[in-house]
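Here is the structure we will look at.
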Amino acid sequence: MSGSAAARLGLAPLTAAVEAAPDGFAVFDDDWTIRYVNPAGARLLQRSPAALIDRNIWIALPELGGTIFHSFLLHARRTGTAVSWQGYYAPAGRWLSATAVVAGDLLQLYFRQRNAQLTERPVDTDHTGPADEAENDDDIDRDRLRFLAEVSEALTSTLDTGQSAAQLAELVVPQLCDWALVAMLGEDGRPTGEEARAHRNPAGRADLDTYLTRRVRGTGDDSPLLTALLTGEPVQLPTIDPELVDPSLGTEEVRTAWRRLDTTSCTIVPLRARTGTIGALALMNTGDRPAHTEIEIATAVEVARRASLALDNARLYSRQLKVAETLQHSLLTPPPQPDHLQIAVRYQPADSHMQVGGDWYDAFHQPDGATLLVIGDVVGHNVDAAAAMGQIRSILRGIAFDRPEGPAQILTRVDGALSGLHVGTLATALVARLEQTPEQARRGRRTLRWSSAGHLPPLLLRSDHQVELLDSPAERLLGSEIVSRRTDHERELHPDDTVVLYTDGIVEHGRSGIDEGIAELIRVLEEVGHLPLEELCGQVLSQIVTGRTDDDIAMLAVRCHPEPSQEPT
């Protein structure tokens, strides 16, 4: 800086000091023209002095426009008081801390590089020796590593996005802050409204909920959060400017809640994954808890990195499972309603959407007029299982419609197709055929003929509401490539008899054994057997499936109705 420039700015006494200082120093006039920057400051900003001096700061440093640093300078100019800031300056890849001081028409900015790995540690005032300080440092490092390990373990224990976000908010409180907010972005980069929050004091949760759900949005109070989302870099507010928050406090109730929260500083860390920024973690301090130190911010950045990976994996997995579920629903078509038969179906995916599998049902007419019923379950719970289910269902449907064969012959031919096409998937399946001769039609009777490929046995609910388990010797699963003969089994059905086919999700609900689950299903069927078929199916599910389901559930029920021409029996 020349002597004349120094004199004009009133900084002549500082000329030598600021030119040689290792920290940055810059001066702006009231129209934001950079009147001076020292060599250290130009290096920190990654510009030459000539590219900065006598230029408007927002033109010379366009990356600062609209950021928290921008707000920090504006606040210093508006209040006329000394204001401090620390945050991440992306162009230089550095953490900076800065103080702005107003002197007349000039704004003086002092800034320096800070190490994100920080060597500063809290000092134990009772032990000041070098050995004690080293031991204290080791304890802090161990605590930090233990905390990060806890974060990783907790967030990888679930593949549900909502649960992961909620766990993240709970984990950082009170370790890194007094209350926390996790805000997620959608695949289009827009806020989804999906949030998770936590407060260190259970009594403060009500105030937190009131503020977050009832504040006036779009007033600018979320600008730090948006800055973190847009830039992908951490943002810190060492102090909360009332002018930033006040416009959002639209009612006395919200103002009271915010006042009781007593939020004094915050740090917002973006959640960045492979595809970009997927959300942000806001760490809020209250009362006399100081602003986050750089080691705390560095820890928060590492927490966010680990959380981002877990959240992105959960989101990807949920998206894949949604595809599987959509595929599954598209294949589970409404059943036909043959004359004097009523067919009802139910399909319920796993509640968490994490165990969507290959359960399916099917019902259709064969060319000779018989009604074919199918229920099955592909081994596995993922997109591959759902896709394999679609293949097997289509193969079985095509083969069964091709000619009026019995269930055992159909399953044998399906085995051949799966082997020849190298489908490479195991599945259980039960094929049942409802047949009726002219003589049976006069008497209102039918024959139930079935064959099972390792599937659960059908249940026969008689018209007197007694349930019979139609058990048969176990036979190999579809796709097992074991050569053995399949067999048919028969039972005569009377008017008002009901046949129930089901998958293991209903009998293993609540982690019960299969035998116990079947016994419970029989008990419920006997209790509700007098109900109309659709209502019966609804009652079975509501009475047995009383909590979250870990597996898909498929159920198919068919009831025989009397025929007008039937003869007395």
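The values are calculated or read from the model by the stated rules, or taken from the named source; none is laboratory data. Keep in mind it's a predicted model, so treat the numbers as computed, not measured. Glycine also receives a Cβ, built like all others from the backbone with ideal geometry; neighbour counts cover every protein chain displayed. Heavy atoms of the whole protein, side chains included, go into the accessibility calculation; ligands, DNA and RNA do not. Shrake-Rupley method; radii C 1.70, N 1.55, O 1.52, S 1.80 Å.
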message: Every residue in the range 165-192 that is open to solvent by less than 60 Å² (accessible area, probe 1.4 Å), at pLDDT below 85 and within 14 Å of residue 311 (Cβ to Cβ), please.
response: 186
- request: Identify the single condition in (1) over 30 Å from residue 61 (Cβ atoms); (2) at pLDDT 80 or above; (3) surrounded by 15 or more Cβ atoms within 10 Å (Cβ to Cβ) that residue 144 does not satisfy, given that it satisfies every other one.
  value: (2)
- prompt: For the range 451-467, which residues satisfy the criterion of being open to solvent by less than 60 Å² (accessible area, probe 1.4 Å) and more than 40 Å from the chain's Cα centre (by Cα)?
  reply: 451, 460, 461, 462, 467
- prompt: (1) in contact with a Lys or Arg (Cβ under 7 Å, 6 or more places away or on another chain); (2) at positive phi: which one isn't true of residue 249, the others all being true?
  reply: (2)
- prompt: List, please: which pairs have Cβ atoms under 8 Å, are six or more places apart or on different chains, and start with a residue in the range 388-399 that is within 11 Å of residue 360 (Cα to Cα) and end with one that is open to solvent by 20 Å² or more (accessible area, probe 1.4 Å) and part of a helix (DSSP H, G or I)?
  reply: 389/331; 390/327; 390/331; 393/331
message: Pull out all pairs, ordered by first then second residue, where Cβ-Cβ is under 7 Å, the residues are six or more apart or on different chains, the first lies in the range 233-253 and is part of a loop (DSSP other than H, G, I, E, B), and the second is of a type in the set (A, V, I, L, M) and surrounded by 13 or more Cβ atoms within 10 Å (Cβ to Cβ).
response: 233/90; 234/228; 234/268; 234/269; 234/297; 234/301; 238/291
message: Of all residues being out of contact with any strand residue (DSSP E or B) (no Cβ under 7 Å at 6 or more places or on another chain), of a type in the set (A, V, I, L, M, F, W, C) and at pLDDT 75 or above in the range 66-120, which is surrounded by the fewest Cβ atoms within 10 Å (Cβ to Cβ)? Just the residue, please.
response: 103
message: Out of the residues in the range 453-469 meeting the condition of being part of a loop (DSSP other than H, G, I, E, B) and either touching a helix residue (DSSP H, G or I) at 6+ places or on another chain (Cβ under 6 Å) or among the aliphatic types (A, V, I, L, M) (or both), tell me which one is modelled with the highest pLDDT.
response: 456
Scan of the range 492-516 for residues that are part of a helix (DSSP H, G or I) and open to solvent by less than 30 Å² (accessible area, probe 1.4 Å), ordered by number: 505, 506, 507
- request: May I ask you to list pairs of residues, at least six apart or on different chains, whose Cβ atoms are under 8 Å apart, with the first in the range 483-499 being in contact (Cβ under 8 Å) with a residue 60 or more places away in the chain and the second being small (Gly, Ala, Ser) and open to solvent by 40 Å² or more (accessible area, probe 1.4 Å)?
  value: 494/463; 495/463; 496/463; 497/463
- prompt: How many of the residues making up the range 414-425 are surrounded by fewer than 19 Cβ atoms within 10 Å (Cβ to Cβ) and either in contact with a strand residue (DSSP E or B) (Cβ under 7 Å, 6 or more places away or on another chain) or not polar (S, T, N, Q) (or both)?
  reply: 7
message: Just to be sure I understand, how many residues within the range 517-535 are open to solvent by less than 70 Å² (accessible area, probe 1.4 Å), without any contact (Cβ under 8 Å) to a residue 60 or more places away in the chain and either part of a helix (DSSP H, G or I) or β-branched (Val, Ile, Thr) (or both)?
response: 5
message: Being open to solvent by 60 Å² or more (accessible area, probe 1.4 Å), farther than 30 Å from residue 421 by Cα, not in a helix (DSSP H, G or I) and not charged (D, E, K, R): is that true of residue 562 here?
response: yes
query: Pairs under 7 Å by beta carbon, first residue under 15 Å from residue 300 (Cα atoms) in the range 151-177, partner assigned to a loop (DSSP other than H, G, I, E, B), six or more apart or different chains?
result: 173/200; 174/200
- request: Filter the range 470-491 down to the residues that are assigned to a strand (DSSP E or B) and open to solvent by less than 70 Å² (accessible area, probe 1.4 Å), then identify the one that is nearest to residue 432 (Cα to Cα).
  value: 489
- prompt: Given the structure, is residue 396 under 27 Å from residue 341 (Cα atoms), in a helix (DSSP H, G or I) and in contact with a strand residue (DSSP E or B) (Cβ under 8 Å, 6 or more places away or on another chain)?
  reply: yes
statement: The residue that is nearest to residue 266 (Cα to Cα), considering only those in the range 219-248 that are open to solvent by 60 Å² or more (accessible area, probe 1.4 Å) and under 26 Å from the mean Cα position of the chain (by Cα), is 226
task: Kindly establish whether residue 318 is outside any helix (DSSP H, G or I), modelled with pLDDT under 85 and at negative phi.
output: no
field: Evaluation of residue 448 against (1) open to solvent by 10 Å² or more (accessible area, probe 1.4 Å); (2) in contact with a Lys or Arg (Cβ under 8 Å, 6 or more places away or on another chain); (3) in contact (Cβ under 8 Å) with a residue 40 or more places away in the chain (one fails), failing number
entry: (1)
